[in-house]
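Structure first, then comments.
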Amino acid sequence: MGKERGDTHETGEIKRVVSSLLLYLDSLPSYVVVIGATNHESLLDKAAWRRFQLRMELPRPTRRQLELWFQEFEKKTGNNFGIAPSTLAKKMLGRSFAEAEEFALSVYRQYILRLPSTDIKLITLNELKLWESQVKTGKKTISGGVDDAG
């Protein structure tokens with residue numbers, strides 16, 4: 001929403017939206033707290049950056065934190081991944097919690113859609129392959145298909 005207005009690839013509409021956002025932020029009373037978040041700080045308009053007095057970076061989760069997250073996801077859903085949470089954490093190391101959740105929800109969604117006959121371990125392994133290929137190619141792909149061979 002606060003994308004750099006000087007980007008030559010953007011339309012005038014984005015420039016108007018960002019300008020309006022900045023005007024709105026400037027008109028807020030001093031007692032109002034505005035919190036923003038981004039995963040692409042280099043794309044934000046420099047004027048938008050100046051509106052925030054405090055900036056903090058949230059580090060990527062550790063392997064142990066990811067392992068605990070996957071354990072909690074299994075408890076919450078009542079299903080396991082067919083693979084140990086420690087193994088999943090090792091494979092997903094370097095990813096954010098949001099990416100871990102996206103991965104887990106994709107596996108869970110595919111599992112539910114394939115009930116009653118389904119192999120959660122196969123779904124998990126195939127989804128891991130997709131995620132690993134994203135890292136190798138540097139591309140974000142849309143997952144959703146699991147090879148039905150099995």
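Read the figures in this text as sums done on the coordinates, not as results from a lab. Because the structure is predicted, anything quoted here is derived from the model rather than measured. No Cβ is skipped: glycine too gets one built from the backbone with ideal geometry, and neighbour counts run over all protein chains shown.
Here are some notes:
- Contact order, relative form, for the stretch 1-131: 20 percent (alpha carbon pairs under 8 Å, 6 or more residues apart, mean separation divided by residue count).
- Packing order of peptides 54-61, 113-120, highest average first: 113-120, 54-61 (average count of other Cβ atoms within 10 Å over each peptide's residues).
- Per residue, the convex hull volume that the Cα atoms of the stretch 63-137 enclose (Å³): 78 Å³
- In terms of its Cα atoms, the stretch 1-117 spans 54, 29, 26 Å along the principal axes, sorted from long to short.
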